[in-house]
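The values are calculated or read from the model by the stated rules, or taken from the named source; none is laboratory data. Here the structure is a predicted model, which is why all the values come from computation and not from measurement. Heads up, the Cβs are rebuilt from the backbone with ideal geometry, glycines too, and the neighbour counts pull from every protein chain shown.
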Amino acid sequence: MAMTAPRTTLQALWPTPGQELLLRAAVTSGRRALEAWDAWKASHDLIESELDHGSFRLLALVYKNLLAQGADEPLMPRLKGIYRYWWCSNQHLFYRAAGVIRELEGAGIPTIVLKGAAASVAYYRDTGVRPMGDIDLLVPVNRAAAAVAHLGRLGWRPARPRVQDLIRYQHSVRMENDKGEGLDLHWHVLAECVHRSADEGFWKRAVPIRILDVSSRALGPTDALLHAIVHGMRWNAEPTVRWVADAMAILRASEGAIDWTALEREARRQQVVLRLRMGLAYVRRNMGAPIPDRALERLRRTSPVGIERMEYKVLAVDADGQPLLRPGHVLLVLVQYMRFMTGKSLIQQIAETPSYLRYRLRGRRRTLRLITSLRSGVRRLFPRRFLPGEAA
């Protein structure tokens, strides 16, 4: 097995050399794909326990790509078995997703299918090549509480307490049932963008999709590309290199449907220009993605705002495996705070800061006493009748 050297924090955002070879075997064509596969298998094998999970989850897509290239590969039977395993696993998730969608839509709560399930149906057009660990559904932010309550009547419960705080400050919550099954219920598409109007454009541009026999929606191709890159470009204990494959699938399946001007405009609106630009440049340079020069040039001319640069520095803050609190964690909380305050007036920011800090620092008694004092001070400065959203 090949040994990998320790990686710097920001290097952890990108595929390793071995993962990059496997990605090329999965998403490129012709000789380039076959040479990448030969180079990868020279120092790796197909034993799951000896591969990182991100790489193992690419093997089903590698199988279908090698099959399409007519590869004379003795490992094809084993790769086919991996593909069939994921196909079967995914069918259980599609069945679960269809049931939840049917219930929510029947209760008048619209849904958008996100991530793996949507990509499998709308872009890969093969329900075995994109392994999934759970299902991800988006509901409108103003129906999130109703969705949680309705799912509760069906035996699903939030994995975290204080759902109203989660809806206010986060983008999703994991729901679980007594069988140990899970689903991620989202009310915002991007974890970074949690203001109430953040997703209006995504809903307007959503496209019809069917999960088994149930109708729902998926993000339009332009928004799906944005989501795949921005969501994927962050460190995770399980490498999320599949964002590269997802982006390639969206680009190839959509052909001329990507609106590059709208993509740049939405990235500016969501303040994710930097990650989008770097992600697009990577898939074009390393995977031969069909991205026009003018699209990348337009993004290069768009200067990322300061919060994006700060955020990029802490996207992989935990990649070194150290559990200790570090300055990067403080910066991460600061960035999340700044994101939450986007679009709010100075008065609103001052009024909401104590509640936000109480939420983020709950359980830390000494800090909470400080926050309580700060909240009292804010109330003296801004009497209750003048706080935003409250009647005079």
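Which is outside any helix (DSSP H, G or I) and among the hydroxyl-bearing types (Ser, Thr, Tyr), of 43, 120?
The unique qualifying residue is 43.
Of the residues 176, 181, only one is of a type in the set (D, E, K, R) and within 19 Å of residue 212 (Cβ to Cβ); which?
So the residue among 176, 181 that is of a type in the set (D, E, K, R) and within 19 Å of residue 212 (Cβ to Cβ) is 181.
Against the definition (closer than 29 Å to residue 340 by Cβ, touching a residue at least 24 places away in the same chain (Cβ under 8 Å) and either surrounded by fewer than 14 Cβ atoms within 10 Å (Cβ to Cβ) or in the same structural domain as residue 21 (by TED's automatic domain parsing) (or both)), how does residue 309 come out, yes or no?
Answer is yes for this residue.
Filter the range 44-68 down to the residues that are touching a helix residue (DSSP H, G or I) at 6+ places or on another chain (Cβ under 7 Å) and over 14 Å from residue 85 (Cβ atoms), then identify the one that is surrounded by the fewest Cβ atoms within 10 Å (Cβ to Cβ).
Only one residue tops the list, namely 44.
Given the structure, is residue 354 at pLDDT 80 or above, closer than 30 Å to residue 269 by Cβ and not in a helix (DSSP H, G or I)?
Answer is no for this residue.
With respect to residue 169, is the statement that it is of a type in the set (Phe, Trp, Tyr) and either at pLDDT below 95 or not assigned by TED's automatic domain parsing to the domain that holds residue 86 (or both) true?
So residue 169 fits the description; yes.
Out of everything in the range 70-101 that is among the charged types (D, E, K, R) and surrounded by 13 or more Cβ atoms within 10 Å (Cβ to Cβ), what residue ends up being farthest from residue 26 (Cα to Cα)?
Selected residue: 96.
Could you run through the range 73-107 and say how many residues are more than 21 Å from residue 240 (Cα to Cα) and either in contact with a Lys or Arg (Cβ under 8 Å, 6 or more places away or on another chain) or basic (Lys, Arg) (or both)?
6
So, in the range 48-88, how many residues would count as being assigned to a loop (DSSP other than H, G, I, E, B) and either farther than 22 Å from residue 35 by Cβ or under 24 Å from the mean Cα position of the chain (by Cα) (or both)?
Here the count works out to 4.
Which of the helices (runs of 4 or more DSSP H) contained wholly in the range 144-245 include at least 2 residues that are surrounded by fewer than 19 Cβ atoms within 10 Å (Cβ to Cβ) and more than 17 Å from the chain's Cα centre (by Cα)?
Those helices (runs of 4 or more DSSP H) span 144-153, 163-169, 200-204.
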